[in-house]
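A.B. asks: I am attaching a structure below and will ask some questions about it afterwards.
The values are calculated or read from the model by the stated rules, or taken from the named source; none is laboratory data. Here the structure is a predicted model, which is why all the values come from computation and not from measurement. Every residue, glycine as well, gets a Cβ built from its backbone with ideal geometry; the counts of neighbours run over all protein chains shown.
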Amino acid sequence: MLMTRLRMRRSLRLSGGILSLLIVLTLTLTLPEHAAAAAERPHGLPPANDATYIPQLGGLLNKTLRNHYGQEKELAECVVLRGSTVKDGKVSVPAGGLFYASSTSLDAKPLRSDPFLILGETSYLLSLKTAQVTKKGVELKKRDKVLLDDRGYRLWWDYSTDHYGKPYGEFAVMAPSGGWQSELPISSSFPEPELAKALKVKEGINPQLEPFFLTSSYAYGATKLTAKNITHEDAVFTEVRYPVVKEAVFSLDRPYVIGIQQESYRWWRNKRIYAFRKENGILVEVRNWTGGKVLASKLLTPITQQEYKTTDQQKMALTDFDLDMHIELVVDPSLFKGSDWIPWANDVPFGWTHGTISFVIYHDLVKLKDGDPWPRDNRYIVGLEAESMSGMLKRVVLENKEPFELTNEKDSYAGPISMSDYWDRRYFSVVVNKIEGEVVKNSYVRDNWFRRTDNLILWKEGRENADFFVGMSELVVSVMEDTFLNRLADPTYGVPVVKSKFSSYPAVIASAKGFAPDPDCAFVPKMKGLTRKFVETRKGERLTSADAIVIRGSYVDYRKGKIVIPPAGLYYTSRLGRNVRPLAGEAIYILGKKAYLLSTESYLVVRKNVALDFWKLLPMGDGNPLFWQDIPLGDGSKTVRFLGSRLLWGRPVAQARIIKYSGNAFGADMLLGPGLSNYSPIYGEKAVQDQVYSLPDMYAEGATYAIPRWVSPDMVEIAEMGSPGMDSFTISYEPPQKLVLKTGGEAAVGKYKLRVASVDQGLKTVQLVLRDDKGTVVMEKKLGPVDKKVYDLLPQYSPAQQKVMMQYQDVHIELDLPADFKDGKVTLFATTGAHKLERDKPWASDKRYVMRPDVCGHCYMLNEFIMDNPEPIVLDAKNPTYTGPDGYFKIVIDDFDGEKIQAWHMEDKTGWKTPNLAELPRNNIDVMVGVNGTTEHFLRKTLLKRLAYREVWRLK
Amino acid sequence: MAQDVTYDQTVAGRPEARKPSIWSALPSWQKSWPGLLAMAVIAILCGLPGLEVFPFTIDALLRYFDSVLPPIYGKGLFVDLLHFNYVVTCLVAGIVIRNVIGVPKSWEPGLTYSGCFMNVGIIMLGSQYVLRDLVKLGPISIVIMVFMVFGGALIFTFMGRYFKMGDALTGLLAAAFSMCGVSACIAIAPMVRAKSEEVAYAIAVSVTFGLVCLFALPFIGRLLGLSNDAFGLLSAAGVPNSNQVIATGFNFSFEAGKVSGFSNIGRLVLIPAGVLFIYFMTLGKELRTTTISFWSVLKEKFPLFVFGFAFVWTLNCLQAWPVPASEAMGNVMNWFFSLCFVGLGLTTKLADLKKAGPKGIVIGYVAGSMRIGLCLILLFIVIKMGYFK
Amino acid sequence: MAEDIAKKTTLDEAELKQVAAQAEAKQTRHRLDEYIAMVIALCAVFILWLMQAMGFY
C-alpha cells in the first residue's frame, strides 16, 4: 500500500497534473494513517496511535539476572497487538500483528550463560548463528518506513533538516518487532568526518569554520547505511547492511557444574562424564552408567571472556540434542558465584582441587530458528532479532503466523504454549469482546495464572482498533516513539506526581548546569501563560515557537528547613522547532514577546589533548549524579560527558555525548572506536558469525568533531575536539519592514535615512548609505556580491551573512534573498530596535536572571535562549514564592514542613495555577512545564518510567 | 461481661489481703505467650505493611483475586473497592476465628495485651506528625472534639431521661459513647454506682456499635466524599472505643488514620473532665454520695501515655530523625496496630449484638448515630465556612 | 440482659463494691498497659533512631 502510494505520487509529479495532484493529496490526507498502515504487513510498525499502553501484567516478567561473569542483564517481556481493525463486528488481526517479545539489556552472547526469558522460563543462551543482510539500492521518501526484506525489517527516515540549504536526515533500521536502537544522521551533500583531521585550528576560540561534516556512510558496528543521494524529499542508499540472527540454542534449566579429577569420571544423572587431559585440550566423554559405552565425546578448550570464542562455538562445547546435553569447559567455577542462579555444583573436599577439571552441563535444550514455527505451537513464528552493533541476540519474538479474527462469540485468542517444567500451557490469551459494529469496547490480556489486565479500551465509546502494548519492556521506548509526547502530554489524568524517595542527607549540588531535572519530576504539559505559537518565516515555513520552564537540581536541606534551587537550577527556555536562523525573518517568543532574530555571534571552541574519564554515579551510588569528570568546552556552556563503554570484539567502544547548558545532549552519540573498519573475526567458522563490523574512527557531526587518540573502556584521550559556542545574538521586537528601492531611492529607518547609492546587477552588489537626521553619513556598506559562493554558505556561515546585512547601532538592514536586482531594484528588510542579548549578562529588566544563549552544535545558529538564576534561590516558610523573569511565572510553596514538600504549584502571570505538584510528598521542586525541544528530550530519557507511572495515576 | 476480665480477679477482689504489687494485675508471661504468639502469627499471615519478606498472605491472595477478576472501572474488587487493607483483613480474620472456629482459653490472657499494643501504636504515631499537623487540624478540631464529648454526653442524658433508663446506665452509656468506650465506662462505673450487669450491658452496646461503625463509616465517608482530615475527625468523634476509632480511621486511609489517632488523643485527654461532667449531669444531688475531688479524678483518669506521644512528636518536630526513619517508625507503628486489630477481632463476640437487646439498640445506636450525624453537620458547617478542609 | 437489669431494682452494696473493685483493677491494668506501651514504643523509637544514626535510613 505504502509503495503504491509512493509510486502514485511519483508518477503524478512526472505528469505534473495539478488537478490530479490535488485529488491524491486529498486522498492521502483523508485516509487515516492507521487505516492505511493496517492494509500492509504490520512488521516494523507501531500499534495504532491510540493504542493503550499498560505496564503491568503479573505474568509478564521483569527480572534482572546476572551471567556467570556477574554482568547484569535486565530482562523484560511484553505482548503487543498492532495493525488490528474492527469491521462488521469482527476484530481482524493480520499475520504478525500479535506478538510476544522478550528482550535483554544490551545483548546476549553464547558461552557466558547469558540469561534470557522465554515465555516466563529463565533460560540460558548457549549458541547462536548470526548473519548479515545487505540490501542494495534502497529508496525511500521522507517519513517513510520502507520494507527491507521479507522478514519485515524496515528502514525509517525519521527526521530531516538542512544546512547551507542542503539536506540531511536521520535514519534507523527497524526490526520486525518495531524496535530500533539509534537514529543515524546521514547526508550525501557534505564532507566526510575524516576531513576534520585536516583542520588547522588553534586551541581555544576560533572563528566559525566553513565546513559542515556529515557522513554519507554511517557505521554502527554490524549496521551500516551507505547513502548515494539524499535530497529534501527522497533518499537513495547504495547499501543497507544490518545484522540478523538465524538460530539460537537455549537451555531451559539451570546449569550444573561438576568437578572431575582428570583421567577419571563422575556420575551425572544416569551417565558418566570422563575428563582426559590431552595435548591441545580436555577430552570429555559422556558414557553410559557403567562406563562401557561412549555416547559422545569431544576435545574442548576452556570458555573464557574473550569475545572471539563466540565465533568458535563448535570447538568450545559438546552439544548433543539426542542426549539433551551441552557441556562447556570452565576455568574457575567460583566465578559462578556472581550469578543469580548459582548452578548446582559438587566439589572435591578439603580443597584438593589440583587436577580437577570443571565442566558446566546444561540440559533441557531447545533450538529456535528465525522464521520457523515455535516448537510447541505452530500458530506462532519465532523471530530472533539482533542487537544493531554487536549483531548478537537482542530479542526473541513470537508472532502469530496466520491472520485471525475475533468476534463476540469467539472472543479469545491463545498466546503461544510455554515450555514449563510442570505444565505446558498458553502463556497468555488476548480477549476482545463487546464488539459493536465498527468499534470494540472490551479487550484485555490474561496471563498463565489467569490474572488479567484492566480493560484496554479506555473510552466508553470504544475504539476502532484493539491495539495495545502490555509490559515494562525497553521495546516500548522505540515502538512508541511516534506518539510518546502526545501520551505524556495527555491531560486526561492530570499531572502525575511521584512520591520522592527520601534520604537522610540533602542532595546538595553547587551548580545545576548540565544537569537534567529529577527523572521523577512532574511534567506539566500545558501552562496557560506559556507561549506556543506558529512563526512563519519569509519562505512560508511554519515553525513552532515554544517556551518552557525547567527546575533542576533543587533539594530540601532538612537540617535548615529550606528548599534550595542551586545556581542554574531554575531556567526559562524558548526555542523553535529547529534552530533559529537569521536572514529569514525568523522569530522566537521571549517571555511572550515576539523577537526577530537578526544575527548571531558564534565561534568554534577547540580543546586539544584532553582525557575524558568514565562517568559514574559517584560517590553516593543512589542515582544522584555528580558530573565531576565533564570536560567543559570553552565558555562552559557545553561539556563532554563519557556516558558508557562496551566491548566489540575486545575493542573498547566509548559512548560520549556533548551535554548542553540545559542538560540536553547534543546530536547523536559520539561513538569512538577507532580501528574497526570492515572487521570480521578470523576465528571459527564463517557460517557461524558471518558479520562484518565497522565503527567510525572519529566523530564529526556538523560543526562538532572529536578525534580520539586512545580509547579504553573507562577513559578516552581526545587529541582534538571542537564545538561551536555563542557570545551573543541580536534581536528586535519590531517586525522588519520591507523596502523596495532603486538606485538613489531613500527610506526612513527609525531616526536614520537609508539611501541606495548604487546597484550593480551584473556583480550583484548594492551600495547602501545610512545618514542621521542632520544628514551626516554614519555608515556606508557594500552588500554582496550575492553569488553562488555566498548562497552556498547561507544562512549559517557568518562571513557570508555579513555580505548581505548591515548593522549600525539599533538599525539592522538585510537583503531579501534570493536577490536578483532586477531592473536595478533592490528589496531590503530594515528594522530598528535591534539589540544584543549577551551571554552571562543579566536580563535588562530583571537582574535576578542571566541570559544564556545556546548554540547549535551543528550549525553555529541559535538553538535556544535560556535565562537562569546565577544565585541560589532559597525558599522556606518566610519566603514561599519566587517569580520568574519579569513576573512571567511564579513558584509558590504552599505547604512545607521543613523536610517534605506537601504542596506547591506554579502560576503564570495571569494567576492561572498548575495542580499541586507535590500531591505525594516530595523532597525537591524539580519540574518541567511546557513542551519544547528541551523538555521533550528529558521526557524521552525517562519515557518508560513515565508511561508506566501514568497508569498508576490513571487508576488513582 | 465481667467474665471478660481475665486476669486474676481474686487479688483485686480481696480487700483483706495485703495490697499486691500493681504488676500482678498483668497476666504472667507463661499465661500470655500463646495469645501473643497467635496475634503475631495471624497478623503476619494477614500481610503487614512494609513487611514483604513473607509473600503468602491473605493480602496477597486478595490481590491475586483482584487481578483475576475483571476490574470494575479500573479498580480491583477487594483491595480498591471493598478496601480490604490490613485493618480490615486483621479484624475480619480475628472475628472469623473467634466466631466461627473459636478461640482456645489459653489465648485469652495474651489477647488482653491488644490495648497495650494500641497504646504503643499511638505513641509511635507521634513520629508521623509535624507541628504543621496541629496547625492544620487546629483549633477547629479541638472545638469539635470538646463539643462532641460534652454534647454527646448531653444527648445521652437526654435520651436516658426520655426512655427512663436509670441514672447509672445513662451515665455508663454516655461515658462509653462520648469518651473512649470500655475504659471510660469502667472508670465511671463506681462513681455512678452501677451494677455489674449494667456495666456489661453498656460495654456490649458500645462495642457492637463501634463494630458497626468500623465497617460502615468508611463507606459513608467515601459516599460523602469526606477528606482524610474530616474523616479522621469524624471517626474520633463518632466511634466509641479508642482502638475502633483508630481502626476506622486507618480503614479509610493511612492519612485519615493518622488524624483519627491524633484527635483521639484529644478525646483521651478530655476523659477526666468528661467523667466529672457526666457524673454531675446524670446523678441527682441526692445520689452523689461519693465525694469526688477533681484533682484525684484527673490524676487517676489522665492517660499517661499521651506524654509518650507528645515526647515522640516533639522529637519529630525537631527533626531528630529524617523522613526515611519516620517512615520506618510508621511501619513499626502499623505492625503494633495490626496486632491490636487482630486482638480486637479475636475478642469481638458477635453474640454481644444479641446481648445488647432491642432497647440497647434503640438507645445506644440511635443516640450514637445522632452523635455521628451531629458531628457530620458540624463538619459540614466548618468546612463550608472554610475553617477546615 | 436488659431484662436482668430491669428486674434488679435494689442496690446491692456488695455488688457495688465488686464493681468498684473491678473498675479499680481495670484502671490499674490500664495504667500498666500505658507504662508497658511507653517502654516498648520509646525503645522502638530509640532503636530506629540508633539505626538511622548508624546510616540505615
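A.B. asks: Please identify the pairs in which a residue from the stretch B:185-207 that is under 24 Å from B:I372 (Cβ atoms) has its Cβ atom under 6 Å from the Cβ atom of a residue that is surrounded by fewer than 24 Cβ atoms within 10 Å (Cβ to Cβ) and among the acidic types (D, E), counting only partners at least 6 apart or on another chain.
C.D. replies: From residues that are under 24 Å from B:I372 (Cβ atoms), the pairs are B:A204/B:D352.
A.B. asks: Cβ-Cβ distance below 6 Å, separation of 6 or more or different chains: which pairs start in the stretch A:744-765 with a residue that is under 10 Å from A:G824 (Cβ atoms) and end on one that is assigned to a strand (DSSP E or B) and at pLDDT 90 or above?
C.D. replies: Taking only residues 6 or more apart or on different chains, the pairs are A:G745/A:V756; A:V756/A:L741; A:V756/A:V826; A:S758/A:Q767; A:V759/A:V766; A:V759/A:V826.
A.B. asks: Quick check on this structure: which one of B:V205, B:V212, B:V199 is of a type outside the set (D, E), assigned to a helix (DSSP H, G or I) and away from every other protein chain (no Cβ under 14 Å)?
C.D. replies: Going through B:V205, B:V212, B:V199 in turn, the sole match is B:V212.
A.B. asks: Something else now. Just one of B:P20, B:P15 is modelled with pLDDT under 90, surrounded by 12 or more Cβ atoms within 10 Å (Cβ to Cβ), within 12 Å of chain C (Cβ to nearest Cβ) and in a loop (DSSP other than H, G, I, E, B); which is it?
C.D. replies: One residue alone meets the criteria, B:P20.
A.B. asks: Next up: Taking the stretch A:556-575 as the search range and keeping residues that are aromatic (F, W, Y) and within 33 Å of the chain's Cα centre (by Cα), which one is farthest from the other protein chains (Cβ to nearest Cβ)?
C.D. replies: Only one residue tops the list, namely A:Y572.
A.B. asks: Taking the criterion of being surrounded by fewer than 24 Cβ atoms within 10 Å (Cβ to Cβ), among the small types (G, A, S) and without any contact (Cβ under 8 Å) to a residue 60 or more places away in the chain, would at least one residue in the stretch A:545-557 satisfy it?
C.D. replies: yes
A.B. asks: Buried (at least 21 other Cβ atoms within 10 Å of the Cβ) and either within 14 Å of chain B (Cβ to nearest Cβ) or in contact with a helix residue (DSSP H, G or I) (Cβ under 8 Å, 6 or more places away or on another chain) (or both): which single residue out of A:L81, A:L155, A:L98, A:L128 fits that description?
C.D. replies: Criteria check complete, one pass: A:L128.
A.B. asks: Determine whether B:L270 is within 22 Å of B:L376 (Cα to Cα) and modelled with pLDDT of 85 or more.
C.D. replies: So B:L270 fails the test.
A.B. asks: Same structure again: Taking the stated definitions as given, is B:G126 within 14 Å of chain C (Cβ to nearest Cβ) and in a helix (DSSP H, G or I)?
C.D. replies: yes
A.B. asks: Take the stretch A:37-86 and flag every residue that is among the hydrophobic types (A, V, I, L, M, F, W, C) and not in a strand (DSSP E or B).
C.D. replies: Matches in the stretch A:37-86: A:A37, A:A38, A:A39, A:L45, A:A48, A:A51, A:L57, A:L60, A:L61.
A.B. asks: All but one of (1) within 12 Å of chain C (Cβ to nearest Cβ); (2) part of a helix (DSSP H, G or I); (3) without any contact (Cβ under 8 Å) to a residue 40 or more places away in the chain hold for B:S369, so report the exception by its number.
C.D. replies: Among (1) within 12 Å of chain C (Cβ to nearest Cβ); (2) part of a helix (DSSP H, G or I); (3) without any contact (Cβ under 8 Å) to a residue 40 or more places away in the chain, B:S369 violates only (1).
A.B. asks: I need the full set of residues from the stretch A:741-771 which are acidic (D, E) and surrounded by 14 or more Cβ atoms within 10 Å (Cβ to Cβ), in order please.
C.D. replies: Correct list: A:D760 only.
A.B. asks: Still on this model: Within the stretch B:336-351, is even one residue farther than 19 Å from B:S114 by Cα and either within 11 Å of chain C (Cβ to nearest Cβ) or in a helix (DSSP H, G or I) (or both)?
C.D. replies: The answer is yes, given that some residue of the stretch B:336-351 is farther than 19 Å from B:S114 by Cα and either within 11 Å of chain C (Cβ to nearest Cβ) or in a helix (DSSP H, G or I) (or both).
A.B. asks: How many residues, within the stretch A:491-511, are without any contact (Cβ under 8 Å) to a residue 60 or more places away in the chain and in contact with a strand residue (DSSP E or B) (Cβ under 8 Å, 6 or more places away or on another chain)?
C.D. replies: Qualifying residue count for the region: 2.
A.B. asks: Mind listing whichever residues of the stretch A:934-949 are surrounded by fewer than 20 Cβ atoms within 10 Å (Cβ to Cβ) and in contact with a Ser or Thr (Cβ under 9 Å, 6 or more places away or on another chain)?
C.D. replies: Within the stretch A:934-949, A:H937, A:L944 meet the criteria.
A.B. asks: I would also like to ask the following. So which of A:R950, A:R954 ends up being in a helix (DSSP H, G or I), within 14 Å of another protein chain (Cβ to nearest Cβ), under 29 Å from A:S545 (Cβ atoms) and in contact with a helix residue (DSSP H, G or I) (Cβ under 7 Å, 6 or more places away or on another chain)?
C.D. replies: From the options A:R950, A:R954, the qualifying one is A:R950.
A.B. asks: Here is a further query. For the stretch B:158-176, check the following and say yes or no: at least one residue is more than 10 Å from chain C (Cβ to nearest Cβ), modelled with pLDDT under 80 and surrounded by 24 or more Cβ atoms within 10 Å (Cβ to Cβ).
C.D. replies: No, every residue in the stretch B:158-176 fails to be more than 10 Å from chain C (Cβ to nearest Cβ), modelled with pLDDT under 80 and surrounded by 24 or more Cβ atoms within 10 Å (Cβ to Cβ).
A.B. asks: I'd like the residue in the stretch A:698-748 that is assigned to a loop (DSSP other than H, G, I, E, B) and among the hydroxyl-bearing types (S, T, Y) and, out of all such residues, is nearest to A:D816 (Cα to Cα).
C.D. replies: A:T743
A.B. asks: Given (1) at the interface with another protein chain (Cβ under 8 Å from one of its Cβ atoms); (2) out of contact with any Phe, Trp or Tyr (no Cβ under 8 Å at 6 or more places or on another chain); (3) crowded, with 23+ Cβ neighbours inside 10 Å; (4) in a helix (DSSP H, G or I), where does B:A184 come up short, assuming only one miss?
C.D. replies: (1)
A.B. asks: What is the one condition in (1) part of a loop (DSSP other than H, G, I, E, B); (2) away from every other protein chain (no Cβ under 14 Å); (3) touching a strand residue (DSSP E or B) at 6+ places or on another chain (Cβ under 7 Å) that A:M906 does not satisfy?
C.D. replies: Checking A:M906 against (1) part of a loop (DSSP other than H, G, I, E, B); (2) away from every other protein chain (no Cβ under 14 Å); (3) touching a strand residue (DSSP E or B) at 6+ places or on another chain (Cβ under 7 Å), the one that fails is (1).
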